[in-house]
Amino acid sequence: MLRWRGLEATPGDLGRTVVTVGMYDGVHLGHQKLIGTAVERARAMRRPCLLLTFDPHPAEVVRPGSHPAILTSMDRKAELVAGLGVDAMCVLPFTPEFMRLSPETFTHTVLVEHLHAAQVVVGQNFTYGFKASGTVDTLVAEGRRFGFTVEGVALANVGADDGPGEGDVTISSTYIRACVAAGDMVSAARALGRQHRVDGVVVRGDRRGRELGYPTANVETAPFTAIPADGVYAGHLVTRDPRSGASRERFPAAISVGSNPTFQGSRRTVEAYVLDFDDDLYGEHVGVEFAQRLRPMAAFPDVDALLAAMAEDVSGTRRILGM
């Protein structure tokens, strides 16, 4: 998949495209439905499917200090959308100047002049331009003027039992962030279509886990990463290519999120104990995937009580992962 940042870096031989626009944070099931539609239209038209996304999150520019927790790093987003069949991804810097563009200027400058849109596929609730004044209806009108078609795709729902019913909720990044913040990784996975994952680099910690017989990978994540509620989780650690960010090997892991209250810790960390694994991970780019919460974080009266809990955490991880 081609990938570039900024309109000026757009390849000159791109040709006309089918463009889908959005933050696509999480690349959840609703996003997958929308992207799948764009890919289908592109294949039918024999044109490349191009995904346009933004960095930083527009909320941080529109309302400074309101940056939401991020469900997928840009590298992870690229990996996921490429897997859905997207041919190219343009990351557009969301600046105060860009924020002030009128809907018509956005359409003409971005979609027509630079990305050469033949068709635009967006969600039915899509808005764009200054103060989000552009809608799917205005985009349709602008498409008639500038020579492209527009398709609005209905939002997707998910129910507590994966079936239709009164308990259904609309799948959104906001909903998934709330699930992650509450430590409800099962509901998050149901809406994502996979386990929630945070990416980072393994750094040296206090090495206390190694001294206790449970060496952990201390994963330093980027600012604004959507880290689950404090607790212990069953999940996986995924090694990544440091250049492309592509996933490589995947290992079962018991994961701790919190500040190690037994030892009066003050810094919140993500630490993964990789089961049946002896290699050194320091400096590795990794992803940590969360399958299910085992228990909340707790302060234990002594090391023996902590070790007993950690042994149970490992057993629980094996049970949940079917090992």
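The values are calculated or read from the model by the stated rules, or taken from the named source; none is laboratory data. Because the structure is a prediction, the values reported are computed rather than measured. Using ideal geometry, Cβ is built from the backbone for each residue, glycine included, and neighbour counts are taken over all protein chains shown.
With the structure loaded, tell me whether L139 is crowded, with 20+ Cβ neighbours inside 10 Å and over 24 Å from the mean Cα position of the chain (by Cα) or whether it fails that test. Step through it out loud before you land on a result.
On the way: crowded, with 20+ Cβ neighbours inside 10 Å: yes; over 24 Å from the mean Cα position of the chain (by Cα): yes.
The answer is yes for L139.
Between G85, G26, which is modelled with pLDDT of 95 or more, among the small types (G, A, S), touching a Lys or Arg at 6+ places or on another chain (Cβ under 9 Å) and buried (at least 18 other Cβ atoms within 10 Å of the Cβ)? Steps first, answer last, please.
On the way: G85 fails: buried (at least 18 other Cβ atoms within 10 Å of the Cβ).
Going through G85, G26 in turn, just one is modelled with pLDDT of 95 or more, among the small types (G, A, S), touching a Lys or Arg at 6+ places or on another chain (Cβ under 9 Å) and buried (at least 18 other Cβ atoms within 10 Å of the Cβ): G26.
So, of the residues in the stretch 231-249 that are more than 17 Å from the chain's Cα centre (by Cα) and modelled with pLDDT of 95 or more, which turns out to be surrounded by the fewest Cβ atoms within 10 Å (Cβ to Cβ)? Before the answer, list the steps.
Going residue by residue through the stretch 231-249, those that are more than 17 Å from the chain's Cα centre (by Cα) are 231-234, 241-243, 248-249.
If we keep only those that are modelled with pLDDT of 95 or more as well, we get 231-234.
Values: G231: 18, V232: 25, Y233: 29, A234: 26.
Among them, the one singled out is G231.
Taking the criterion of being at negative phi, outside any strand (DSSP E or B), out of contact with any Pro (no Cβ under 7 Å at 6 or more places or on another chain) and at pLDDT below 95, would at least one residue in the stretch 105-120 satisfy it? Looking through the stretch 105-120, none of the residues is at negative phi, outside any strand (DSSP E or B), out of contact with any Pro (no Cβ under 7 Å at 6 or more places or on another chain) and at pLDDT below 95.
Sub-9 Å Cβ pairs linking a first residue in the stretch 15-34 that is closer than 19 Å to T107 by Cβ and aliphatic (A, V, I, L, M) to a second residue that is in a helix (DSSP H, G or I) and modelled with pLDDT under 95, at least 6 apart or interchain, are M23/P58, ordered by first then second residue. With respect to the conditions (1) touching a Leu at 6+ places or on another chain (Cβ under 7 Å); (2) at pLDDT below 85; (3) within 21 Å of G287 (Cα to Cα), P252 falls short on a single one, namely (2).
Inspect all residues belonging to the stretch 60-72 and state whether any of them is under 28 Å from V238 (Cα atoms), at pLDDT below 95, surrounded by fewer than 18 Cβ atoms within 10 Å (Cβ to Cβ) and within 23 Å of the chain's Cα centre (by Cα). Yes, because at least one residue in the stretch 60-72 is under 28 Å from V238 (Cα atoms), at pLDDT below 95, surrounded by fewer than 18 Cβ atoms within 10 Å (Cβ to Cβ) and within 23 Å of the chain's Cα centre (by Cα).
Checking the structure you have, find out if any residue of the stretch 277-296 is among the charged types (D, E, K, R) and either at positive phi or touching an Asp or Glu at 6+ places or on another chain (Cβ under 8 Å) (or both). Within the stretch 277-296, one or more residues are among the charged types (D, E, K, R) and either at positive phi or touching an Asp or Glu at 6+ places or on another chain (Cβ under 8 Å) (or both).
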